[in-house]
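Peer 1: Quick one: the structure is below, and I'll ask about it shortly.
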Amino acid sequence: MRAFRQYYLTLLLFNGCFTAASGVFGNFMLLPPIFCTAGFAFSLFAFNTFFSRQYYFYNNIGFTRQKLAVMAFAVNLVPAAIIFAISLIFI
């Protein structure tokens, strides 16, 4: 699980940057869907571009690319729900 946490934190860094950049130009209510969809897709693309060799490490310990992406998406739903709840409170 420690390896997955490292993978998820790397994706979260890319996803957070993309979501924050999108939030500057968009509506605050659109941040949770952007965080779950476009930001997540961008973070997978960025990880594949910059850290593609690390997939060999994850494959050696039993995580395929698909398994990593599905697990990261499932974990990603929790922060998206929190962001959505916060956006409902302030608007």
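The values are calculated or read from the model by the stated rules, or taken from the named source; none is laboratory data. Just so it is clear, the structure is predicted and the values come from calculations on it, not from any experiment. Glycine also receives a Cβ, built like all others from the backbone with ideal geometry; neighbour counts cover every protein chain displayed. Ligands, DNA and RNA are excluded from the accessible area calculation, which covers all protein heavy atoms including side chains. Shrake-Rupley method; radii C 1.70, N 1.55, O 1.52, S 1.80 Å.
Peer 1: Give me a count of the residues in the stretch 29-41 that are within 9 Å of the chain's Cα centre (by Cα) and open to solvent by 80 Å² or more (accessible area, probe 1.4 Å).
Peer 2: Going through the stretch 29-41 one residue at a time, the tally reaches 1.
Peer 1: Can you go through 59, 48 and tell me which one is free of Cβ contacts under 8 Å to residues at least 40 places away in the same chain, open to solvent by 80 Å² or more (accessible area, probe 1.4 Å) and out of contact with any helix residue (DSSP H, G or I) (no Cβ under 6 Å at 6 or more places or on another chain)? Before the answer, list the steps.
Peer 2: Details: 48 fails: open to solvent by 80 Å² or more (accessible area, probe 1.4 Å).
Exactly one of 59, 48 is free of Cβ contacts under 8 Å to residues at least 40 places away in the same chain, open to solvent by 80 Å² or more (accessible area, probe 1.4 Å) and out of contact with any helix residue (DSSP H, G or I) (no Cβ under 6 Å at 6 or more places or on another chain), namely 59.
Peer 1: Consider the stretch 3-28. How many of its residues are surrounded by 14 or more Cβ atoms within 10 Å (Cβ to Cβ) and of a type outside the set (S, T, N, Q)?
Peer 2: First, pick out the residues of the stretch 3-28 that are surrounded by 14 or more Cβ atoms within 10 Å (Cβ to Cβ): 3-4, 7-8, 10-12, 14-19, 22-23.
Adding the requirement that they be of a type outside the set (S, T, N, Q) leaves 3-4, 7-8, 11-12, 14, 16-18, 23.
Final tally of qualifying residues: 11.
Peer 1: Looking at the stretch 79-91, I want the residues that are closer than 11 Å to residue 33 by Cβ and have a partner that is surrounded by 16 or more Cβ atoms within 10 Å (Cβ to Cβ) and among the aliphatic types (A, V, I, L, M) with Cβ atoms under 6 Å, at least 6 apart or on another chain. Which pairs are those?
Peer 2: 83/31
Peer 1: Somewhere in the stretch 81-90, is a residue open to solvent by 60 Å² or more (accessible area, probe 1.4 Å) and of a type in the set (S, T, N, Q)?
Peer 2: Within the stretch 81-90 (the criterion being open to solvent by 60 Å² or more (accessible area, probe 1.4 Å) and of a type in the set (S, T, N, Q)), the answer is no, since none of the residues qualifies.
Peer 1: Quick check: is even one residue across the stretch 3-19 of a type in the set (A, V, I, L, M, F, W, C), in a helix (DSSP H, G or I) and more than 24 Å from residue 87 (Cβ to Cβ)?
Peer 2: Within the stretch 3-19, the subset of a type in the set (A, V, I, L, M, F, W, C) is 3-4, 9, 11-14, 17-18.
Okay, now just the ones that are also in a helix (DSSP H, G or I), so 3-4, 9, 11-14, 17-18.
Cutting the leftovers down to more than 24 Å from residue 87 (Cβ to Cβ) gives us 3-4.
The answer is yes, given that some residue of the stretch 3-19 is of a type in the set (A, V, I, L, M, F, W, C), in a helix (DSSP H, G or I) and more than 24 Å from residue 87 (Cβ to Cβ).
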